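Here the structure is laid out as structure tokens; the discussion comes afterwards.
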Amino acid sequence: MLPAMVAKPRIAIVGAGNFGTALAVSLRRAGYAIDSVIARRRGASLKKAQRLAKQVGAVASVGVAGDARADIIWFCVPDGEIARAAQAFAAKGKWKSKTVLHSSGALTSDELAALRRRGASVASVHPMMTFVKDSRPSLAGVPFAIEGDAAAVRVARRIVDDLAGNAYPIRKKNKAAYHAWGAFASPLFTALLATGEQVAAIAGVPRQEARRRIIPILLQTLANYAAFGAPGAFSGPIVRGDVGTLRRHLRALSAAPPARQVYSALAGAALRYLPAKRRRRLASALQG
């Protein structure tokens, strides 16, 4: 056991999916003892829990008792299962003085109300980061939105500090919009890239080659956004007021109607939020 673990609370992870795995590994590296990795059911879920438990020096189990050694229970399960899992766990053991967290971006700490009623302090702790299979991003520098009971929020902030993340408060009423904002940064951005691959195919560029060729401009665009904000990073025919090029784009995209719809929607957003010349003429071209 690492010396730093002695003074830190023991943590049980519920769910060994993409986020639960990345979290458990990061917590272990930050000096936290992972007491157990809890599967929701037997079968594939338990096997994943067993693999993760082996990595972080924990035990794998199905279900949890409130009198387990863990001081913190961290739910890393799909949004629709949080309240149901909390209700099931609330019937087992003692929960007073325990901290229970979940990491849904859209749902509030009230999903854990069943455990709050049993004496636990609860909070939602959401990292603004993407977690996919076979990728374990560092949590250092990642912003975490936190809300819930005061005691649980204090615990969560200490953990985020130890992970070298950045903790921010969020109001319950703002969580859905906050999560939608995050959707633009990753899943919907990925959908945009997938749409771009369809357009590349119209231009005669195969998907794998398209992905290779597009990376340099993507990286520079993100660098420009980080340095200058959205207005300063915006380039292309709209900012120049180039109506002719816009029309040529739309004609070419007639071969891929879904891509044309995406283009038109984003171009319309650009006319609303970003620098542009000849806005009326551009807007008229989009409607044509």
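Looking at 222, 271, can you tell me which residue is over 19 Å from residue 199 (Cβ atoms), among the aliphatic types (A, V, I, L, M), within 26 Å of the chain's Cα centre (by Cα) and part of a helix (DSSP H, G or I)?
One residue alone meets the criteria, 222.
When you scan region 197-212, do you find a residue that is exposed (fewer than 11 other Cβ atoms within 10 Å of the Cβ) and modelled with pLDDT under 95, even just one?
yes
Has region 113-129 got at least one residue that is under 27 Å from residue 174 (Cα atoms) and of a type in the set (S, T, N, Q)?
Scanning region 113-129, I find at least one residue that is under 27 Å from residue 174 (Cα atoms) and of a type in the set (S, T, N, Q), so the answer is yes.
Could you figure out which of (1) at pLDDT below 95; (2) farther than 22 Å from residue 18 by Cα; (3) of a type in the set (A, V, I, L, M, F, W, C) isn't true of residue 44?
Unmet for residue 44, out of (1) at pLDDT below 95; (2) farther than 22 Å from residue 18 by Cα; (3) of a type in the set (A, V, I, L, M, F, W, C): (2).
Hey, among 28, 42, 69, 51, which residue is in a helix (DSSP H, G or I) and surrounded by fewer than 18 Cβ atoms within 10 Å (Cβ to Cβ)? Walk me through it before giving the result.
Numbers: 28 fails: surrounded by fewer than 18 Cβ atoms within 10 Å (Cβ to Cβ); 42 fails: in a helix (DSSP H, G or I); 69 fails: in a helix (DSSP H, G or I).
The conditions single out 51.
Determine if region 257-268 includes at least one residue that is buried (at least 16 other Cβ atoms within 10 Å of the Cβ), small (Gly, Ala, Ser) and not in a helix (DSSP H, G or I).
No; the residues of region 257-268 include none that is buried (at least 16 other Cβ atoms within 10 Å of the Cβ), small (Gly, Ala, Ser) and not in a helix (DSSP H, G or I).
Is one or more of the residues making up region 95-112 at pLDDT 95 or above and more than 24 Å from residue 22 (Cβ to Cβ)?
Among the residues of region 95-112, at least one is at pLDDT 95 or above and more than 24 Å from residue 22 (Cβ to Cβ), which makes the answer yes.
I'm told residue 152 meets every condition in (1) among the hydrophobic types (A, V, I, L, M, F, W, C); (2) surrounded by 15 or more Cβ atoms within 10 Å (Cβ to Cβ); (3) outside the structural domain of residue 102 (by TED's automatic domain parsing) except one. Can you identify the failing condition by its number?
(3)
Inside region 88-139, can you point out the residues that are within 25 Å of the chain's Cα centre (by Cα), farther than 23 Å from residue 48 by Cβ and surrounded by fewer than 18 Cβ atoms within 10 Å (Cβ to Cβ)?
106, 110, 113
Between 222, 218, which is closer than 19 Å to residue 262 by Cα and either surrounded by fewer than 15 Cβ atoms within 10 Å (Cβ to Cβ) or not assigned by TED's automatic domain parsing to the domain that holds residue 277 (or both)?
Step by step, each of 222, 218 is checked, and only 218 is closer than 19 Å to residue 262 by Cα and either surrounded by fewer than 15 Cβ atoms within 10 Å (Cβ to Cβ) or not assigned by TED's automatic domain parsing to the domain that holds residue 277 (or both).
Kindly list the number of the only condition in (1) surrounded by fewer than 23 Cβ atoms within 10 Å (Cβ to Cβ); (2) over 18 Å from residue 49 (Cβ atoms); (3) without any contact (Cβ under 8 Å) to a residue 60 or more places away in the chain; (4) not hydroxyl-bearing (Ser, Thr, Tyr) that fails for residue 81.
The failed condition is (2).
Examine region 231-239 for a residue that is among the hydroxyl-bearing types (Ser, Thr, Tyr), in a helix (DSSP H, G or I) and not assigned by TED's automatic domain parsing to the domain that holds residue 150, and state whether such a residue exists.
There is no residue in region 231-239 that is among the hydroxyl-bearing types (Ser, Thr, Tyr), in a helix (DSSP H, G or I) and not assigned by TED's automatic domain parsing to the domain that holds residue 150.
Mind listing just one residue for me: the one in region 166-196 that is of a type in the set (Val, Ile, Thr) and either assigned by TED's automatic domain parsing to the domain that holds residue 154 or within 20 Å of residue 131 (Cα to Cα) (or both) and, of those, surrounded by the most Cβ atoms within 10 Å (Cβ to Cβ)?
For region 166-196, the residue satisfying everything is 170.
Would you mind telling me which numbered condition in (1) closer than 24 Å to residue 27 by Cβ; (2) polar (S, T, N, Q); (3) modelled with pLDDT of 95 or more residue 135 fails?
(3)
The values are calculated or read from the model by the stated rules, or taken from the named source; none is laboratory data. Owing to the predicted nature of the structure, the values given are computational and were not obtained by experimental measurement. A quick note on method: Cβ atoms are made from the backbone with ideal geometry, for glycine too, and the neighbour counts reach across all protein chains shown.
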